[in-house]
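Note sheet for the following structure.
Coordinate-derived values only; no laboratory data. Everything numeric in this text was worked out from a predicted model, so none of it was measured. When we count neighbours, we look across all protein chains shown, and the Cβ atoms used for this are built from the backbone with ideal geometry, even at glycine.
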Amino acid sequence: MDMPTMEEVKKADREQVCIWWRFLSSPETDDEVTIMNRIAERFDELGGFTSEISRRIGWGFGNKRRE
């Protein structure tokens, strides 16, 4: 899964943020660290996981990113 852009993070809904939170690899560049920090902020702002979201996105990797 590719790191989203800052614009994608800004527009993402709760479920998409949770998908990134669960499935993105650790950041490798300073820009990716900045994006991951923003994802963490959005994750907290939006309320994080619910049991429903967690079940819906599961633990499979690579097929969960919504467009």
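Summary table below
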| item | result |
| --- | --- |
| Whole-Hz ³J(HN,Hα) from phi, Karplus 6.51 cos²θ - 1.76 cosθ + 1.60, for region 48-59, glycine and proline x | x, 6, 10, 4, 5, 5, 4, 5, 5, 7, x, 10 |
| Cα lying deepest toward the dipole's positive end in region 6-57, options 39, 24, 51, charges on Cβ | 51 |
| Phi to ³J(HN,Hα) by Karplus 6.51 cos²θ - 1.76 cosθ + 1.60 over region 5-12, Hz, x for Gly, Pro | 7, 4, 5, 4, 5, 4, 8, 5 |
| The chain: angle of helix 30-46 to the longest principal axis, Cα-based, in degrees nearest 10 | 40 degrees |
| Rounded to 10°, Cα long-axis angle of helix 14-23 versus longest principal axis of the chain | 70 degrees |
| Ratio of the Cα radius of gyration of the chain to 2.2 N^0.38 Å, where N counts its residues | 1.03 |
| Residues in region 33-53 reached by a label modelled at residue 6 [backbone nitrogen below 16 Å; 7 Å Cα→Cβ] | 33-42 |
